[in-house]
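Q: A single structure is presented below for examination.
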Amino acid sequence: MKFQAIKGVRDILPPESALWSRVEQSARDVFHSYGYGEIRLPMFEQVELFARSIGQETDVVSKEMYRFEDYELVDLDAERRSLALRHPQIENPSSVYTFFTVAEAVISWLQQSLITGQVPRTPENEGLARELKGLYDESAAKFQLPKYEGTQSDLDLYVDQIRRAALALRLGDSLALRPEATASVVRAYIEHGMHTRPGNVKLYYIGPMFRRERPQKGRYRQFYQIGAELLGPSDHAALDAEVIEMLLAFFARVNLKDAKLYINSIGDKNCRPAYVERLRGELQKVRDKLGADSQRRIETNPLRVLDSKLPEEQPIIDKLPRIAECLCDACREHYAELKRQLALRKIDYEENWRLVRGLDYYMRTTFEITAPGLGSQNAVCGGGRYDGLVELLGGPATTKGIGFAIGTDRLMLSLQEAGAAAKCALDVYIAWMGVQAYPAAVALARQLREHNLSVELPAQEMKFGKSLSLADRLGARFAVIIGEDELAARQFTVKRLADGDQRRLSEADLFEYLTSSRKG
Ligand code: HAM
């Protein structure tokens, strides 16, 4: 059998991975210069955390999360599943007897586990345990030999109800691989009482996220984000502008060309509901002209209709009311201040009234950055303000938040399309000949590595021509040759592979030559 990485998931290999590391290091450098510290978050959290923060009705939560149940009681699970596979028949008394014996075992095991807490003591589980016990007592009494007091269809009904209740039990926690990290950052902020820290709490993260989307160029099921979040008591638009400035400083540092910033304000809990209702009303009027997805969203989340990319919906959307007309005074002023703050920083932007973003926690500022070379998945970064989220998750209502996440895969694609390539990582290849040369080669390799040079030392002796050709194919910048002559002269021959320049150097000169060439 041949194994392959699963759909939507991929390996990032050297030398490309070196480019990734460089980009990630630039993020660390730039973010540190703005006072951000790294937060390392778990890869999975409770489903409920994401459902509450991102929104139950969003695509991310309702369709795209990788969920699993995490439980210790593997045997209890197997037993309840075996119950579901049994079909007791009246004419086969031993099948009836076995069914009730297994059911009894499952129920008493379950009751015990609810007491010890191995099965979560949720109201649903406790209700199901009572229901199972009731069904069992009633049915086992009826279907006891020597005489059954019911028909096969009575028995089938009980079996079906018992089976359904047993399978509905939640034996462990419902967890999900993280589809994004803002919810986790806020959870961690609250859990560790970070609101007591002085000033704003500024955190960044780098790592994989998971969404079960349809894979295509720039869209994966395991993808990577570089993100930053600022949490604190103020919602001043200068903070929004500084977050955007930092993001653009990072893009400049990694040489991303032609990135475009789009901004919008989607209001807050005072003004947005009225806008959403107005939008819903207008959408109802043009319902028949919309596709199935947009029709459904009229009820669930009309704002998301503005995200539609269907060509036939564009002229309709163009005529819809715009949120800028409906912002309350405070939101309008916040948005105007954001634009002043961006101008102060000489940041170019374009307003896009349709930028509502797909996650429910946003309010006021939203922004996105697009980059060339990405086709339809051209958003390389998305972010915005989420002032109510900390409170929603049980933290202090006074904490506001703003942040963004860059899609690293897309950033890399765009950089590579523009010609960025990883530089060769191998500095020196040591071509040694003759067994006497090997100890000198080992010692030299160790010393060069201590000077932070990347060194390849062949384990076995090779013919000179073969050795140099391998050095070339490995992309080494230099080959250091150690043979009988060099040993006798206590010198090394070093060949620059790009142009064939060759010289004989003492050990001290060799170090100087190799380390200074790396700097240049
Ligand atoms: P998001 O817009 O869902 O926002 O994702 C941010 C970025 O992640 C996108 O712009 C895109 O570049 C990248 N991305 C998303 N899904 C995929 C995928 N399937 N494959 C490749 N790249 C993808 C968030 O995640 C928010 N947590 C951002 C944020 C932080 N808002 C405030 N703070």
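Q: Using a 1.4 Å probe over the heavy atoms of the protein chains, calculate the carbon and sulfur portion of the accessible area of segment 37-78 as a whole percent.
A: 47
Q: Could you compute how much accessible surface Asp235 exposes when probed at 1.4 Å, giving the result in Å² to the nearest 10?
A: 50
Q: Find the eigenvalues of the gyration tensor of the Cα atoms of segment 261-361, then list the square roots of 5 times those eigenvalues as equivalent ellipsoid semi-axes, largest first, in whole angstrom. Mind dumping the intermediate values first?
A: Details: eigenvalues 140, 48, 23 Å².
Equivalent-ellipsoid dimensions as semi-axes: 26, 16, 11 Å.
Q: If you roll a 1.4 Å probe over segment 80-138 with all protein chains in place, what percent of the accessible area is carbon or sulfur?
A: Details: 1830 of 3310 Å².
Answer for segment 80-138: carbon and sulfur cover 55 percent of the accessible area.
Q: On a 0 to 90 degree scale, rounded to 10, what angle separates helix 408-417 from the longest Cα axis of the chain?
A: Roughly 40 degrees between the two axes.
Q: What is the calculated FRET efficiency for Lys339 to Thr116, with r their C-beta to C-beta distance and R₀ = 35 Å, to the nearest 0.05?
A: Once the sixth-power term is evaluated, E becomes 0.05.
Q: DSSP loop (so not H, G, I, E, B), at most 12 other Cβ within 10 Å: list which GluC sites (Glu not before Pro) in segment 21-126 pass both filters.
A: Glu72, Glu91
Q: Could you name the lysines in cross-link range of Lys133, using Cα to Cα under 29 Å and dropping any fewer than eight places away on the same chain?
A: Filter leaves Lys142, Lys147.
Q: When averaged across all projection directions, what area in nm² does the alpha-carbon convex hull of segment 234-305 cover? Provide the component values of the computation, followed by the final result.
A: Details: hull surface 29.6 nm².
So the mean shadow area of the Cα hull is 7.4 nm².
Q: Gain in length, Glu461 to Arg280, computed as 0.36 nm per residue apart minus the alpha-carbon separation, to one decimal in nm? Walk me through the numbers on the way to the answer.
A: Details: separation 181, 0.36 × 181 = 65.16 nm, distance 7.66 nm.
Answer, rounded to one decimal: 57.5 nm.
Q: Quick one: angle between helix 74-85 and the longest Cα principal axis of the chain, in degrees between 0 and 90, rounded to 10, please.
A: That works out to roughly 50 degrees.
Q: OK, next. First measure r as the distance between the Cβ atoms of Lys289 and Gln56, then evaluate 1/(1 + (r/R0)^6) with R0 = 30 Å and state the FRET efficiency to the nearest 0.05.
A: Here the calculated transfer efficiency is 0.60.
Q: Another one. Go through the cysteines of the chain and tell me which have no other cysteine Cβ under 4.7 Å away.
A: By the Cβ distance rule, which asks for a partner under 4.7 Å, the isolated cysteines are Cys326, Cys331, Cys381, Cys424.
Q: Further question: Which three lengths, in whole Å and largest first, does the chain cover when its Cα atoms are put on their principal axes?
A: 104, 69, 50
Q: Provide the solvent-accessible area of Val442, counting protein heavy atoms only and rolling a 1.4 Å probe, rounded to the nearest 10 Å².
A: Per-residue accessible area (Val442): approximately 50 Å².
Q: Please list 3J(HN,Hα) in residue order for segment 93-108, calculated via the Karplus relation 6.51 cos²θ - 1.76 cosθ + 1.60 where θ = phi - 60°; whole Hz, with x for glycine and proline.
A: x, 5, 5, 5, 4, 5, 4, 5, 5, 5, 4, 4, 5, 4, 5, 6
Q: Using a cut-off of 20 Å between alpha-carbon atoms, which lysines can reach Lys495, once sequence neighbours fewer than 8 places away in the same chain are excluded?
A: Filter leaves Lys423, Lys463, Lys466, Lys519.
Q: Can I ask one more? If you place +1 on the Cβ of every Lys and Arg and -1 on the Cβ of every Asp and Glu, how big does the dipole about the Cα centre of the chain come out, in debye to the nearest 20?
A: 1160
Q: With Cβ to Cβ distances under 15 Å as the rule, what net charge do the other residues near Glu456 carry (K, R +1; D, E -1)?
A: Once all neighbours under 15 Å are counted, the net charge is +3.
Q: Pop a pseudo-label 7 angstrom from the Cα along the beta-carbon direction at both Ser94 and Glu72 and give the gap in nm to one decimal.
A: If labels sit at Ser94 and Glu72, their model points lie 3.7 nm apart.
Q: Give the long-range amide H neighbours of Cys271: residues separated by 5 or more places, or on another chain, with amide H under 5 Å away, using H modelled in the peptide plane at 1.01 Å from N.
A: Close amide H contacts, sequence-distant or interchain: Cys328.
Q: Return the inverse of the average 1/r over all pairs of distinct C-alpha atoms in segment 322-452, which is the Kirkwood hydrodynamic radius, in Å to one decimal. Before the final figure, lay out each step's value.
A: Numbers: mean 1/r = 0.0504 Å⁻¹.
One decimal place: 19.8 Å for the Kirkwood radius.
Q: Taking all protein chains as present, what is the carbon and sulfur share of the accessible area of segment 394-520, in % to the nearest whole number, probe 1.4 Å? Can you show the working numbers first?
A: On the way: 3270 of 6570 Å².
Within segment 394-520, the accessible surface is 50 percent carbon and sulfur.
Q: If you split all Cα-Cα distances of segment 141-285 into 10 Å bins from zero, what percentages do you get per bin, shortest first?
A: With a bin width of 10 Å, the distribution comes to 8, 18, 24, 20, 10, 9, 7, 4, 0.
Q: Hey, another quick one. Along the Cα-to-Cβ line of Asn352, 7 Å from the Cα, sits a label point; which residues in segment 259-276 have backbone N less than 18 Å from it?
A: 259-267
Q: Normalised radius of gyration for segment 354-412, please: alpha carbon Rg relative to 2.2 N^0.38 Å, two decimal places. Walk me through the intermediate numbers first.
A: Numbers: Rg = 13.6 Å, N = 59, 2.2 N^0.38 = 10.4 Å.
For segment 354-412, the normalised Cα radius of gyration is 1.31.
Q: Among Lys217/Lys269; Lys217/Lys346; Lys319/Lys346; Lys202/Lys346; Lys257/Lys339, which pairs are too far apart, with a Cα-Cα distance over 29 Å?
A: Among Lys217/Lys269; Lys217/Lys346; Lys319/Lys346; Lys202/Lys346; Lys257/Lys339, the Cα-Cα distance tops 29 Å for Lys217/Lys269; Lys217/Lys346; Lys319/Lys346.
Q: Assuming R0 = 41 Å, what is the FRET efficiency of Glu126 and Arg197, from their Cβ-Cβ distance, to the nearest 0.05?
A: Computed FRET efficiency for Glu126 and Arg197 comes out at 0.55.
Q: When ligands, DNA and RNA are left out and all protein chains stay put, how many square angstrom of accessible area per residue does the chain have with a 1.4 Å probe? Display every interim value, and only then the final one.
A: Working: 26320 Å² over 520 residues.
In whole numbers, the chain has 51 Å² accessible per residue.
Q: Shifting gears a bit: For segment 1-157, what percent of Cα pairs sit more than 21 Å apart?
A: 70
Q: Could you order Thr515, Thr151 so the one with the most accessible surface comes first? Probe is 1.4 Å.
A: Order by accessible area, largest first: Thr151, Thr515.
Q: Going by a ≥ b ≥ c, the root eigenvalues of the Cα gyration tensor, does segment 425-484 fall in the rounded group (a/c under 1.5), the prolate group (a/b larger than b/c) or the oblate group? Can you show the working numbers first?
A: Numbers: a/c = 2.32, a/b = 1.10, b/c = 2.10.
Oblate is the answer for segment 425-484, as a/c is 1.5 or above yet b/c matches or exceeds a/b.
The values are calculated or read from the model by the stated rules, or taken from the named source; none is laboratory data. As the structure is a prediction and not an experimental result, all values here were calculated from the model. When we count neighbours, we look across all protein chains shown, and the Cβ atoms used for this are built from the backbone with ideal geometry, even at glycine. These area figures cover heavy atoms from the full protein model, side chains too; ligands, DNA and RNA do not enter into them. Shrake-Rupley method; radii C 1.70, N 1.55, O 1.52, S 1.80 Å.
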